[in-house]
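Have a look at the structure below before the remarks.
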Amino acid sequence: MARLGWQTPEQAQWQADYEARRARQYRSLVDRLEIWAFCPRKGCQRQMSCGSERPSLCLSAFFVTMPDDLKNYVRLVITARSGGASPAEAHRTACERMMAVDGRTPFDGL
């Protein structure tokens, strides 16, 4: 835990805990989206899980290459899940909202 000059020890500890919690959240999202399957790091592919020290970078790199309609779907699902919706409800809500706006979902051609 690196403490900045203006931080108290408690603030530095809180910051370290916060960063660790965010890394776990990012890693969980990377694992759920199975981004590790596209990772150039062979260790991630072997363990079928993100092994990066900074999973937010993996998520960002993958998100940049994702088609816009799929990005919107993922954002809507995450928003719905954050609001307490089940996975099925989140999917349904995201698809309904996308249909209302664009008239299609990212899964229409499948």
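One line per residue, one yes/no per condition, for (1) at pLDDT 90 or above; (2) buried (at least 17 other Cβ atoms within 10 Å of the Cβ); (3) more than 13 Å from the chain's Cα centre (by Cα):
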site: Cys58; (1), (2), (3): no, yes, no
site: Thr79; (1), (2), (3): yes, no, no
site: Met98; (1), (2), (3): yes, yes, yes
site: Arg104; (1), (2), (3): no, no, yes
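Residue-wise test of (1) loosely packed, with under 11 Cβ neighbours inside 10 Å; (2) over 15 Å from the mean Cα position of the chain (by Cα); (3) of a type outside the set (S, T, N, Q).
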residue: Glu10; (1), (2), (3): yes, yes, yes
residue: Ile35; (1), (2), (3): no, no, yes
residue: Asp68; (1), (2), (3): yes, yes, yes
residue: Leu76; (1), (2), (3): no, no, yes
residue: Glu89; (1), (2), (3): no, yes, yes
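Quick check on segment 3-36: of everything there that is hydroxyl-bearing (Ser, Thr, Tyr) and out of contact with any Pro (no Cβ under 6 Å at 6 or more places or on another chain), which residue is nearest to Gln47 (Cα to Cα)? Talk me through it step by step, then tell me what you get.
Narrowing segment 3-36 to residues hydroxyl-bearing (Ser, Thr, Tyr): 8, 18, 26, 28.
In the following step, the residues that additionally are out of contact with any Pro (no Cβ under 6 Å at 6 or more places or on another chain) were identified as 8, 18, 28.
Numbers: Thr8: 38, Tyr18: 26, Ser28: 14 Å.
Ranking the candidates gives Ser28 first.
With respect to the conditions (1) at pLDDT 85 or above; (2) closer than 30 Å to Thr105 by Cα; (3) not assigned by TED's automatic domain parsing to the domain that holds His91, Gln13 lacks only one, and its number is (2). Taking segment 71-110 as the range and being of a type in the set (Val, Ile, Thr) and either assigned by TED's automatic domain parsing to the domain that holds Leu33 or farther than 21 Å from Glu34 by Cα (or both) as the test, the residues that pass are Thr93, Val101. Taking first residues from segment 16-36 that are assigned by TED's automatic domain parsing to the domain that holds Arg54 and part of a helix (DSSP H, G or I) and partners that are of a type in the set (Ser, Thr, Tyr) and modelled with pLDDT of 85 or more, the Cβ contacts under 7 Å between residues at least 6 apart in sequence or on separate chains come to Tyr26/Ser56; Asp31/Ser49; Trp36/Ser49.
The values are calculated or read from the model by the stated rules, or taken from the named source; none is laboratory data. Every value quoted in this text rests on a predicted model; they were computed, and no experiment measured them. Every residue, glycine as well, gets a Cβ built from its backbone with ideal geometry; the counts of neighbours run over all protein chains shown.
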